[in-house]
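These notes are about the structure you will find just below.
The values are calculated or read from the model by the stated rules, or taken from the named source; none is laboratory data. Here the structure is a predicted model, which means the values were calculated and not measured. As a convention, Cβ positions derive from the backbone with ideal geometry for all residues, glycine included, and neighbour counts pool all protein chains shown.
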Amino acid sequence: MDLNAVRTFVAAADSGQFQEAAADLEITQQAVSKRVAALEADLGVRLFTRAPRGVRLTVDGQAFLPHARALLQAEERAAASVRPGSRALRVDVVGRRVATAGLLRDFHRARPDIDLDVVTLFGADAAIDALQAGTIDATFRAVTMPGRRLPADIEAVPVLDEPMMLFTGPAHAFAGARSITPAQLAGQRIWMPGNEPGTEWAAYYDELAATFGCTIDVLGPSPHFGIETLLDTIADSSTLATFLSERTPLVWPAGHDLRLIPLRDPTPVYPHSLLWHADNPHPGLAALRDHLLAARNGLGGAETWRPTWARPQPGKRS
């Protein structure tokens, strides 16, 4: 259906005159008549009858009018969905319970005028492909995987160094510690189901384990099926622990008595960066980037650890 003809029909119905509709649409009265006639031919009904002071809707015209308005509203919504500044800013956060999802929640509270569409993509390759295809506007990733560099059209800026903590049940050997050093993890079994080879988070924990002598155990149910199994198992184990942070929004039964134990000297940090396509014009993207950079907090003078592939290198993007 010709939406220009539908728009002309609605203008004529609202004004009751072809001449006034023509002025509103900035076309000729003859063009109005032709569009209405074409629409009537398409529908197979008369929409207007001539009246002494203009035109009047027929019964069929009255029946069609609300649907015509709905068509024009749908057209506007469709255009707004892809119009920079009108459509929602689409951001990938890896997972709904990770720290970067919290960063987005903070941004939404600070800028409720910017609509957000939050998605979860699996792995940096999928996220970078989506940035280049334009199906997302931004993603949070640990960006410099071993042996890879970002494509030339993808920009990145560090936005969060997330301190890792040891997460244990009450029977674990470290459950009563106020803090421990990563060196004390030597020989410990760290349970992290979902650490799939090839992902940036698997690369992070693999190097952490190699550096400090612990073992990453990836066997078990995927976190995509829920976190409850991991919480239950950690709560009942004297040997299993995992890595989490204070920014991970988890709630567990009081009887589990789970513990988050700080890691110090050095503190392992997971390096989150914001990535986007260099040619993306969405104004919400600039607002998000500015907010994240203004809100970024360091760890003061604390000694930190990050994998070799995520350490800043002079003259190269991190």
> Does the range 148-163 contain any residue that is farther than 22 Å from Trp309 by Cα and not aliphatic (A, V, I, L, M)?
Replying inline: no
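Rundown of residues vs (1) hydrophobic (A, V, I, L, M, F, W, C); (2) in the same structural domain as His282 (by TED's automatic domain parsing); (3) within 30 Å of Met164 (Cα to Cα); (4) loosely packed, with under 12 Cβ neighbours inside 10 Å, yes/no style:
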{"residue": "Ala51", "(1), (2), (3), (4)": "yes, no, no, yes"}
{"residue": "His67", "(1), (2), (3), (4)": "no, no, no, yes"}
{"residue": "Leu72", "(1), (2), (3), (4)": "yes, no, no, no"}
{"residue": "Leu104", "(1), (2), (3), (4)": "yes, yes, yes, no"}
{"residue": "Leu116", "(1), (2), (3), (4)": "yes, yes, yes, no"}
>> Just to check your reading of the model, which residue among Glu228, Glu207 is at pLDDT below 85 and among the charged types (D, E, K, R)?
In response: Glu228
>> Exactly one condition in (1) closer than 30 Å to Asn280 by Cβ; (2) modelled with pLDDT under 90 is false for Val91; which is it?
In response: (2)
> Going through the range 233-262 one residue at a time, which ones are of a type in the set (A, V, I, L, M) and either surrounded by fewer than 17 Cβ atoms within 10 Å (Cβ to Cβ) or assigned to a strand (DSSP E or B) (or both)?
Replying inline: Leu240, Ala241, Leu244, Leu250, Val251, Ala254, Leu260, Ile261
> Across the range 127-185, what is the total count of residues that are within 30 Å of Trp252 (Cβ to Cβ) and of a type in the set (Gly, Ala, Ser)?
Replying inline: 10
> If you take the residues of the range 210-225 that are assigned to a loop (DSSP other than H, G, I, E, B) and at pLDDT 90 or above, which of them is farthest from Arg189 (Cα to Cα)?
Replying inline: Gly213
>> Among the residues of the range 74-84, are any at pLDDT below 90, among the acidic types (Asp, Glu) and assigned to a helix (DSSP H, G or I)?
In response: yes
